[in-house]
1. Look through 58, 23 and report the one residue that is in contact (Cβ under 8 Å) with a residue 60 or more places away in the chain and closer than 24 Å to residue 150 by Cα.
2. Tally the residues that are assigned to a loop (DSSP other than H, G, I, E, B), at pLDDT 90 or above and under 20 Å from the mean Cα position of the chain (by Cα), restricting the search to segment 211-261.
3. Going through segment 63-75 one residue at a time, which ones are part of a loop (DSSP other than H, G, I, E, B) and in contact with a helix residue (DSSP H, G or I) (Cβ under 9 Å, 6 or more places away or on another chain)?
């Protein structure tokens, strides 16, 4: 049963967190079906040793962030991360309720585990701060979203799934939401006592350099990169006096190797 709140909660969302989870499950099912049909979703139940190894490494990175003590809905949301095999797509995204997807193009593009953790922390922040559901409320309205969450509007569900994955005109986060996700990533990573807390800045530096050499990657279609974004993350890390030295690469290179990247 959907538990639509009778009034706006402290996050500025009219959905309850259970509604987030229900909608996220519908979207995740649609995303999974789409990429399974293309043969691109790496199934966690796959008996292939390399796929299993990849998920072991990826889960360790994700769990360091989730176990930082800073993720508000760590217990409520059904956090899971899945890999989409597409070496040409540089993207990652999260659905409401904590379903995270990472394209192999992003993993191939990056070289530093801290930077990769920065991307994951940024996406976890989008879900944890309920940015997706806030934007979807504005774009679609509560009644339509409730219908989608109940499984009663497959057409709109397909559109939302395509927006979140960036395969359609992407879900546009506000600048405030992007800033909050950046700032939250610093807090998450700093609390891991493992990763450089400004890891997301390193990712955006590389992303900016790459976008100057050709067409902007998919990530920038849904995550606009204002000129002062890198400096803001670095300044916040300085203000918080948190670790900015790169951590030892304990899992990322093994993740890449398992995926043949």
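The values are calculated or read from the model by the stated rules, or taken from the named source; none is laboratory data. All values derive from a computational prediction rather than experimental measurement. Because the Cβ atoms are built from the backbone with ideal geometry, glycine has one as well, and the counts that use them run over all protein chains shown.
1. 23
2. Total meeting the criteria: 2.
3. 67, 68, 69, 70, 71, 72, 73, 74
Per-residue answers, yes or no, for (1) within 17 Å of residue 189 (Cα to Cα); (2) modelled with pLDDT under 80:
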| residue | (1), (2) |
| --- | --- |
| 64 | yes, no |
| 67 | yes, no |
| 70 | yes, no |
| 91 | no, no |
| 142 | no, yes |
| 157 | no, no |
| 166 | no, yes |
